[in-house]
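Colleague: Below you will find the structure I want to go over with you.
The values are calculated or read from the model by the stated rules, or taken from the named source; none is laboratory data. Keep in mind that what you see is a predicted model, and the values were worked out from it rather than measured. For neighbour counting, all protein chains shown are included, and Cβ atoms are generated from backbone atoms with ideal geometry for every residue, glycine included. The area values use the complete protein model at the heavy-atom level, side chains included, leaving out ligands, DNA and RNA. Shrake-Rupley method; radii C 1.70, N 1.55, O 1.52, S 1.80 Å.
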Amino acid sequence: MHYRKDKYGRDLSILGYGCMRFTRNGGSIDLPKAEKELMKAYESGVNYFDTAYIYSGSEDALGRIVEKNGIRDKINIATKLPQYLITGKSAIDRYFNEQLSRLRTDYVDYYLMHMLTDIAMWEKLKALGIEDWIKEKKASGQIRSLGFSYHGNTENFIKILDDYDWDFCQIQYNYLDEMTQAGREGLHAAAKKGIPVIIMEPLRGGKLVNMLPKHAYEMISANERGWSPAEWGLRWLYNQPEVTVVLSGMNSEEMVEENCRIASEVEPGELQDKDLAFIDEIRQEIRSKEKVGCTGCRYCMPCPQGVDIPATFRCYNAMYTESKADGRKQFFQTVALTKEPAFASQCIECGKCEKHCPQSIPIREKLKEADKALRPFHYKITIGVARKFMFRKASK
Ligand code: SF4
Ligand code: SF4
């Protein structure tokens with residue numbers, strides 16, 4: 001197992017265990033199976049275990065396995081404050097104490113503000129006094145490192161990054177999301193500040209393994225490297241020294257073995273030009289199923305009406321390269337829940353964006369098409385309710 005350093009020089013295994021995807025038996029987690037897989041990873045050197053308050057049963061299962069095997073002081077536990085559920089200051093302590101009790105521990109190594117999508121969410125927490133709360137928890141040793149997990153656009157990611165002295169952060173990143181969400185730009189901005197970056201969705205929730213176009217599978221099987229689709233995705237990440245830990249939701253012993261083997265072999269910068277060109281070909285193959293040939297370059301931005309053009313097209317495309325539900329889910333996370341509305345319906349057809357698009361995309365026309373697909377009537381209602389909930393005023 002290879003290790004990279006956190007902000008304070010502590011060794012973190014480059015493979016992290018994502019505890020969200022433990023196997024379920026009916027409604028509950030199959031604890032003996034999860035224990036076997038988790039301990040296999042631990043014995044292979046994994047020392048970073050990621051969970052969250054809202055991953056049903058996950059904190060409790062992790063706490064039980066760690067306690068039973070007596071490994072608490074040998075591993076790092078990362079969990080997350082469900083900040084979107086918080087309306088008052090007292091709730092912060094309530095959730096945190098409940099998490100400690102579920103995890104059967106009296107401290108959390110890496111604690112994250114869960115799922116920030118906009119600087120406004122962090123501002124809301126600051127208004128509730130979260131900075132003083134963090135200071136107290138760090139002074140008491142109940143929290144060792146403080147970070148945030150992020151789904152949103154690059155711009156908001158940089159704003160949040162610059163607004164606080166974070167110890168680490170967690171972003172969605174993989175070879176399809178290089179130019180979206182925090183993206184490569186966000187990854188490099190964090191690394192430049194010395195902030196370790198934990199990667200989630202390294203294989204787009206398994207889609208870079210299970211839902212590749214047929215021709216992409218054939219290309220991968222024919223490649224001389226002999227790597228599996230998962231291995232290509234993981235090696236692309238480990239190749240970048242700015243990546244600290246890659247989380248994988250492992251739920252079979254074979255998966256643990258494969259992931260641990262890869263994390264023991266890789267070195268940053270080892271991929272050759274021909275490997276990177278090959279990944280580019282795979283990416284093109286996936287993109288050939290897209291509805292709009294947008295590369296995410298952002299030359300069309302900013303739109304004076306606040307429309308997030310590249311994000312809208314990315315989610316529209318995901319409806320066809322992944323699934324309708326996935327595209328809409330991504331839209332919900334990255335466009336619908338930003339404080340300043342960024343919907344395509346705000347477009348007044350000024351045409352400014354089209355003058356800058358190197359792909360000559362008829363942006364105005366395509367935005368209408370995308371909006372219709374991404375926001376059918378019932379989604380508009382759901383989004384309206386969610387926005388009211390997320391951006392309601394907090395009480396002290
Ligand atoms: S045409 Fe629409 S999307 Fe493009 S810049 Fe003008 S308002 Fe924005
Ligand atoms: S300029 Fe064109 S290709 Fe680039 S992000 Fe905008 S729409 Fe996409």
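Residue-by-condition table, conditions (1) part of a helix (DSSP H, G or I); (2) surrounded by fewer than 21 Cβ atoms within 10 Å (Cβ to Cβ):
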{"position": "Phe49", "(1), (2)": "no, no"}
{"position": "Ile54", "(1), (2)": "no, yes"}
{"position": "Glu67", "(1), (2)": "yes, yes"}
{"position": "Ser101", "(1), (2)": "yes, yes"}
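Colleague: Another one. Taking the criterion of being within 16 Å of ligand 1 (Cβ to nearest atom), open to solvent by 70 Å² or more (accessible area, probe 1.4 Å) and under 30 Å from Ser90 (Cα atoms), would at least one residue in the range 343-351 satisfy it?
Modeller: First pass over the range 343-351, keeping only residues within 16 Å of ligand 1 (Cβ to nearest atom): 343-351.
Still in the running and open to solvent by 70 Å² or more (accessible area, probe 1.4 Å): 345, 348-350.
So of that shortlist, the ones also under 30 Å from Ser90 (Cα atoms) come out as none.
Checking the range 343-351: not a single residue is within 16 Å of ligand 1 (Cβ to nearest atom), open to solvent by 70 Å² or more (accessible area, probe 1.4 Å) and under 30 Å from Ser90 (Cα atoms).
Colleague: Test Leu203 against the stated conditions and say whether it is more than 22 Å from Ala370 (Cα to Cα), of a type outside the set (Asp, Glu), more than 16 Å from ligand 1 (Cβ to nearest atom) and in a helix (DSSP H, G or I). Show your work before the answer.
Modeller: On the way: more than 22 Å from Ala370 (Cα to Cα): yes; of a type outside the set (Asp, Glu): yes; more than 16 Å from ligand 1 (Cβ to nearest atom): yes; in a helix (DSSP H, G or I): no.
So Leu203 fails the test.
Colleague: If a residue has to be in contact (Cβ under 8 Å) with a residue 60 or more places away in the chain and under 19 Å from the mean Cα position of the chain (by Cα) to count, how many in the range 293-320 make the cut?
Modeller: 5
Colleague: Tell me whether the range 360-372 contains one or more residues that are more than 25 Å from Arg204 (Cβ to Cβ), touching a Lys or Arg at 6+ places or on another chain (Cβ under 9 Å), within 16 Å of ligand 1 (Cβ to nearest atom) and free of Cβ contacts under 8 Å to residues at least 24 places away in the same chain.
Modeller: Initial filter on the range 360-372 (more than 25 Å from Arg204 (Cβ to Cβ)): 360, 362-365, 368.
Okay, now just the ones that are also touching a Lys or Arg at 6+ places or on another chain (Cβ under 9 Å), so none.
No, the range 360-372 contains no residue that is more than 25 Å from Arg204 (Cβ to Cβ), touching a Lys or Arg at 6+ places or on another chain (Cβ under 9 Å), within 16 Å of ligand 1 (Cβ to nearest atom) and free of Cβ contacts under 8 Å to residues at least 24 places away in the same chain.
Colleague: If you don't mind, another one. For the range 208-217, indicate whether the set of residues that are free of Cβ contacts under 8 Å to residues at least 24 places away in the same chain, out of contact with any helix residue (DSSP H, G or I) (no Cβ under 9 Å at 6 or more places or on another chain) and part of a loop (DSSP other than H, G, I, E, B) is non-empty.
Modeller: Scanning the range 208-217, I find no residue that is free of Cβ contacts under 8 Å to residues at least 24 places away in the same chain, out of contact with any helix residue (DSSP H, G or I) (no Cβ under 9 Å at 6 or more places or on another chain) and part of a loop (DSSP other than H, G, I, E, B), so the answer is no.
Colleague: If a residue counts only when it is outside the structural domain of Leu116 (by TED's automatic domain parsing), at negative phi and away from ligand 2 (no atom under 11 Å from the Cβ), which helices (runs of 4 or more DSSP H) contained entirely in the range 287-396 have at least 2 such residues?
Modeller: Working: elements: 309-321, 324-331, 352-356, 363-374, 377-390.
Counting at least 2 such residues, we get 309-321, 324-331, 363-374, 377-390.
Colleague: Could I ask something else about it? Here are Val245, Val209: which of them is surrounded by 14 or more Cβ atoms within 10 Å (Cβ to Cβ) and within 16 Å of the chain's Cα centre (by Cα)? Walk me through it before giving the result.
Modeller: Working: Val209 fails: within 16 Å of the chain's Cα centre (by Cα).
None of the other options fit; the residue is Val245.
Colleague: Among the candidates Lys135, Lys124, single out the residue that is in contact (Cβ under 8 Å) with a residue 60 or more places away in the chain, open to solvent by 10 Å² or more (accessible area, probe 1.4 Å) and basic (Lys, Arg). Let's see the steps before the verdict.
Modeller: Values: Lys135 fails: in contact (Cβ under 8 Å) with a residue 60 or more places away in the chain.
Step by step, each of Lys135, Lys124 is checked, and only Lys124 is in contact (Cβ under 8 Å) with a residue 60 or more places away in the chain, open to solvent by 10 Å² or more (accessible area, probe 1.4 Å) and basic (Lys, Arg).
Colleague: For Ser44, state whether it is among the hydroxyl-bearing types (Ser, Thr, Tyr), open to solvent by 10 Å² or more (accessible area, probe 1.4 Å) and closer than 20 Å to Ser252 by Cβ. Quick ask: steps written out before the conclusion?
Modeller: Working: among the hydroxyl-bearing types (Ser, Thr, Tyr): yes; open to solvent by 10 Å² or more (accessible area, probe 1.4 Å): yes; closer than 20 Å to Ser252 by Cβ: yes.
So Ser44 fits the description; yes.
Colleague: Which of the residues belonging to the range 248-285 are open to solvent by 60 Å² or more (accessible area, probe 1.4 Å), within 22 Å of the chain's Cα centre (by Cα) and of a type in the set (A, V, I, L, M, F, W, C)?
Modeller: Met255
Colleague: Can you confirm whether the range 224-231 contains a residue that is hydroxyl-bearing (Ser, Thr, Tyr) and surrounded by 15 or more Cβ atoms within 10 Å (Cβ to Cβ)? Outline the logic, then answer.
Modeller: Start the filter on the range 224-231 by keeping residues that are hydroxyl-bearing (Ser, Thr, Tyr), which leaves 228.
Narrowing further to those that are surrounded by 15 or more Cβ atoms within 10 Å (Cβ to Cβ): none.
The answer is no; no qualifying residue exists.
Colleague: Can I ask one more? Determine, yes or no, whether Gly183 is small (Gly, Ala, Ser), open to solvent by 10 Å² or more (accessible area, probe 1.4 Å) and at positive phi.
Modeller: On the way: small (Gly, Ala, Ser): yes; open to solvent by 10 Å² or more (accessible area, probe 1.4 Å): no; at positive phi: yes.
In short, no.
Colleague: Restricted to the range 103-117, and to residues that are farther than 17 Å from Asp165 by Cα and open to solvent by 10 Å² or more (accessible area, probe 1.4 Å), which residue is modelled with the lowest pLDDT? Can you show your working first?
Modeller: Our first condition is that a residue be farther than 17 Å from Asp165 by Cα; within the range 103-117, this holds for 103-108, 115, 117.
Now restrict to residues that are open to solvent by 10 Å² or more (accessible area, probe 1.4 Å): 104-107, 115.
Numbers: Arg104: 98, Thr105: 98, Asp106: 97, Tyr107: 98, Met115: 90.
Among those residues, the one meeting the criterion is Met115.
Colleague: Based on this model, can you work out whether Arg4 counts as surrounded by fewer than 22 Cβ atoms within 10 Å (Cβ to Cβ) and under 20 Å from Glu98 (Cα atoms)? Even if it seems obvious, please write down each step before you answer.
Modeller: Details: surrounded by fewer than 22 Cβ atoms within 10 Å (Cβ to Cβ): yes; under 20 Å from Glu98 (Cα atoms): no.
Spelling it out, it is not the case that Arg4 is surrounded by fewer than 22 Cβ atoms within 10 Å (Cβ to Cβ) and under 20 Å from Glu98 (Cα atoms).
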